[in-house]
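As structure tokens, the structure follows; a few thoughts come after it.
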Amino acid sequence: MAKVCFQMKGTAFTAVVMDLQAYSADLFRAQLKQKIDTAPQFFNASPLVLNLASFEGQLEDEQLEHIVAVCREEGLQPIACRGATPELRYTVMGLGLASLPAAKTRSSEIPAEPVQAKVKQVEPEQTVAEPAPVVRPSKVITKPVRSGQQVYAEGCDLIVMAAVSEGAEVLADGHIHVYGPLRGRALAGVKGDTNARVFCRQMEAELVSIAGYFVMNEKLRELCWKEPAHAFLEGESIQVAVI
Amino acid sequence: MAKIIVVTSGKGGVGKTTTSAAIATGLAMRGFKTVVIDFDVGLRNLDLIMGCERRVVYDFVNVIKKEATLNQALIKDKRTPGLFILPASQTRDKDALSMEGVQTVLENLAKDFEYIICDSPAGIEQGAQMALYFADEAIVVTNPEVSSVRDSDRIIGILQSKSLKAEQGGTVKEHLLLTRYNPERVASAEMLSVADVEDILAVPLLGVIPESEAVLKASNQGAPVILDQESEAGQAYLDAVSRLLGEDVKHRFLEVQKKGFLKRLLGGK
Ligand SMILES: Nc1ncnc2c1ncn2[C@@H]1O[C@H](COP(=O)(O)OP(=O)(O)OP(=O)(O)O)[C@@H](O)[C@H]1O
Ligand SMILES: [Mg+2]
């Protein structure tokens with residue numbers, strides 16, 4: 001057997017999103033510097049997604065090139081553009097960035113987190129301070145999570161008391177519990193918690209993932225289809241067991 | 001206060017317009033002053049099924065653009081008293097509707113009518129979202145097959161997150177209407193059963209409309225199938241209207257019909 005060259009994993013990571021609203025060469029650089037000064041460590045080499053969806057007016061090719069150049073000079077790592085007009089897409093690709101569709105409205109339940117909030121978490125005083133135990137209450141969802149919807153429990157567990165449809169996605173930094181049929185995708189420990197687990201009353205998932213490792217539907221069909229089950233990580237492989 | 005009911009599905013061609021025409025007619029037959037609005041701008045179908053296409057002078061878009069008054073555009077149904085149709089334009093494009101315009105029209109209609117039925121275009125995009133935005137209730141039309149059920153699931157998600165009701169923290173009341181149901185094909189596992197669809201969508205069942213030639217016949221004649229009370233589809237729509245009005249009616253036409261001796265002899269359906 002040939003040696004395995006790679007393994008593919010799905011993952012979610014934090015990136016800074018810049019919602020570009022207006023543009024002026026001078027103001028842009030000055031304002032960016034100012035922003036970065038509020039939390040230099042946080043912004044240092046931070047992956048950046050440029051969101052053009054809410055830009056007022058028409059952004060020119062050269063302007064976009066300039067914006068990306070300034071971001072790079074200031075130490076950010078632009079990785080993608082979101083919501084670029086068809087005309088701008090070639091420029092986006094020419095800049096070596098991925099072109100993503102405008103923010104999917106599907107994540108309707110999860111308001112985009114303002115960068116400001118993240119900045120706060122990494123303010124030096126806070127990182128040095130004695131880490132107080134933060135207990136966040138679990139996020140509880142009582143209605144079905146429908147196809148195309150996404151629910152994310154940030155910094156806590158997620159409890160869904162209804163079905164998670166095929167085509168729906170539930171994510172949590174902690175554990176996920178689903179008390180209806182789990183037919184969509186469940187991703188626990190998305191920020192890397194390898195102790196996170198997925199529990200469900202009726203396993204019919206498209207995908208179950210823990211800390212980036214995942215099992216697909218075909219495997220689940222063999223192991224515990226339509227049964228109450230839980231999934232946890234052992235080393236680098238996900239174990240799925242009937243409860 | 002008028003009740004606004006959207007007839008929606010996600011997937012196209014599943015029977016929204018057929019259902020809008022039938023339910024609106026049924027409500028008017030039960031004595032409620034009802035208007036049915038065609039939100040499918042550019043395609044315009046409802047007036048054909050209601051048999052009033054030759055009487056369309058002004059349409060929904062004209063009213064929104066203030067080129068005509070509501071009274072000029074509303075068409076009084078010739079068969080059923082208390083029933084009015086607000087047709088769509090065939091010539092405009094989809095963007096001709098604006099949210100404020102739709103809101104004004106609905107508010108004006110709400111003063112006069114008890115039920116406002118909105119026939120949604122297919123899809124989950126802007127046109128469909130416009131049709132459902134102001135709804136109090138939704139009839140989700142689904143065919144017993146996987147892609148239709150999946151689309152219905154999506155549109156329910158949108159109903160509960162992007163409608164005015166949802167934005168205000170409430171819920172749009174959901175009704176599941178399974179149409180083009182063919183018990184023989186369910187029995188041979190070519191189609192999903194009522195139980196399968198209910199299990200996936202978890203929405204209260206308003207009715208099951210059997211696949212029926214009467215529907216095509218009715219649309220060719222321009223008379224909503226609910227008026228054909230000989231047909232199973234017509235009866236099933238009557239039952240659905242009763243349930244919509246809160247009555248407890250047993251579901252029919254779910255099982256494969258055992259052909260009677262005479263029917264077998266004559267080979268009839
Ligand atoms: N119960 C039924 N039995 C047989 N044929 C049906 C039935 N319901 C609808 N049809 C047929 O299916 C086709 C589509 O119906 P209809 O126009 O009502 O769907 P729609 O959802 O409004 O479509 P669109 O998405 O294009 O607006 C029509 O030809 C109609 O005659
Ligand atoms: Mg239609």
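The values are calculated or read from the model by the stated rules, or taken from the named source; none is laboratory data. Remember, predicted model here, so these are calculated numbers, not experimental data. Here Cβ is always computed from backbone atoms with ideal geometry, including for glycine, and neighbour counts include all displayed protein chains. With ligands, DNA and RNA removed, areas are computed over all heavy atoms of the protein, side chains included. Shrake-Rupley method; radii C 1.70, N 1.55, O 1.52, S 1.80 Å.
Shielding value for A:146-159 is 3, the average number of Cβ atoms from other chains within 10 Å of each residue's Cβ. Which shape class applies to the protein assembly as shown: rounded if a/c is under 1.5, otherwise prolate when a/b exceeds b/c and oblate if not, where a ≥ b ≥ c are the square roots of the Cα gyration tensor eigenvalues? Judged from the Cα gyration tensor, the protein assembly as shown comes out oblate (a/c at least 1.5, b/c at or above a/b). Highest GNM mean-square fluctuation, chain B, Cα pairs closer than 10 Å: which of B:Lys162, B:Lys111, B:Lys16? Maximum among the listed residues: B:Lys111. With a threshold of 22 Å on the Cα-Cα distance, the over-threshold entries among A:Lys143/B:Lys165; B:Lys165/B:Lys250; B:Lys16/B:Lys173; A:Lys139/A:Lys226; A:Lys143/B:Lys16 are B:Lys165/B:Lys250; A:Lys139/A:Lys226; A:Lys143/B:Lys16. For segment A:166-243, DSSP calls about 50 percent of its internal beta bridges antiparallel. Using a Förster distance of 25 Å, how high is the FRET efficiency between A:Ala162 and A:Met216, based on the Cβ-Cβ distance and rounded to 0.05? Plugging the Cβ-Cβ distance into 1/(1 + (r/R0)^6) gives 0.60.
Roughly to the nearest percent, how much of the accessible area of the protein assembly as shown is carbon and sulfur, given a 1.4 Å probe?
Working: 13530 of 25970 Å².
With neighbouring chains kept in place, the figure for the protein assembly as shown is 52 percent.
Taking 7 Å steps out from each Cα toward its Cβ at B:Lys162 and A:Lys35 produces label points 2.7 nm apart. The solvent-accessible area of B:Glu213, taken with every protein chain present and a 1.4 Å probe, is close to 140 Å².
Taking every protein chain into account, the 1.4 Å probe leaves B:Thr69 with about 80 Å² of accessible area, to the nearest ten.
Over segment A:139-242, Cα pairs under 8 Å with separation of 6+ residues give a relative contact order of 18 percent.
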